[in-house]
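The values are calculated or read from the model by the stated rules, or taken from the named source; none is laboratory data. Since the structure is predicted, the reported quantities are computational estimates derived from the model, not experimental observations. Ideal geometry is used to build each Cβ from the backbone, glycine not excepted, and the neighbour counts take in all protein chains shown. Ligands, DNA and RNA are stripped out before the accessible areas are found, and what is left, the full protein with its side chains, is counted by its heavy atoms. Shrake-Rupley method; radii C 1.70, N 1.55, O 1.52, S 1.80 Å.
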Amino acid sequence: MNEIILKKRKLALKVACVGLVVILLIICVMIYALYIANGMLALAMIVALGVISVLFWIGIGFYKRMITKEEQIQNIKDKQTINDLARMNTKNL
């Protein structure tokens, strides 16, 4: 695999872990709000959780498109290299 793709996957893993921690914190605040208040804060946190989920969904889709495009480019380069090697004149070697 290409080094750039591996670096981007590691970055995506870190971002996903941070996102899961943020979602866990929001859920904890919602539980606390339901416990001590009349639920208005919990309603606001549910809306925030929905917005964050949609943003992560968009981010994951963007990441998939980016990785797929780079893998296709790498496959084309690999095929060109193989074709160049196949056409090489070996009589003079």
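Between the Cα long axis of helix 3-36 and the first principal axis of the chain there is an angle of about 10°, rounded to the nearest 10.
Bridgeable lysines around K91 (alpha carbons under 25 Å apart, same-chain partners fewer than 8 residues away excluded): K79. Measuring nothing but how far apart in sequence close Cα pairs (under 8 Å, 6+ apart) lie, relative to its length, the chain scores a relative contact order of 26 percent.
Indicate the gyration tensor shape class of the chain (rounded, prolate or oblate), computed on the Cα atoms with a ≥ b ≥ c the square roots of the eigenvalues: a/c under 1.5 is rounded; otherwise a/b larger than b/c is prolate and the rest oblate. Cα axes put the chain in the prolate bin. Taken per residue, the accessible surface of the chain reaches 86 Å², heavy atoms only and a 1.4 Å probe.
What part of the accessible area of the chain, given as a whole %, is carbon or sulfur when the probe is 1.4 angstrom?
On the chain, the fraction of accessible area on carbon and sulfur atoms equals 71 percent.
Relative to the longest principal Cα axis of the chain, at what angle does helix 40-87 sit, 0 to 90 degrees, rounded to 10? So the inclination is approximately 0 degrees. Using a probe of 1.4 Å, the accessible surface attributed to K77 totals some 110 Å² when neighbouring protein chains are kept in position. When the chain is described by a simple charge dipole with +1 on each Lys and Arg Cβ and -1 on each Asp and Glu Cβ, the residue from L41, M88, Q74 located farthest towards its positive end is M88.
In the chain, the calculated helix contribution to ellipticity at 222 nm averages -32500 deg cm²/dmol per residue, counting -39,500 (n - 2.57) for every DSSP H run with n ≥ 4.
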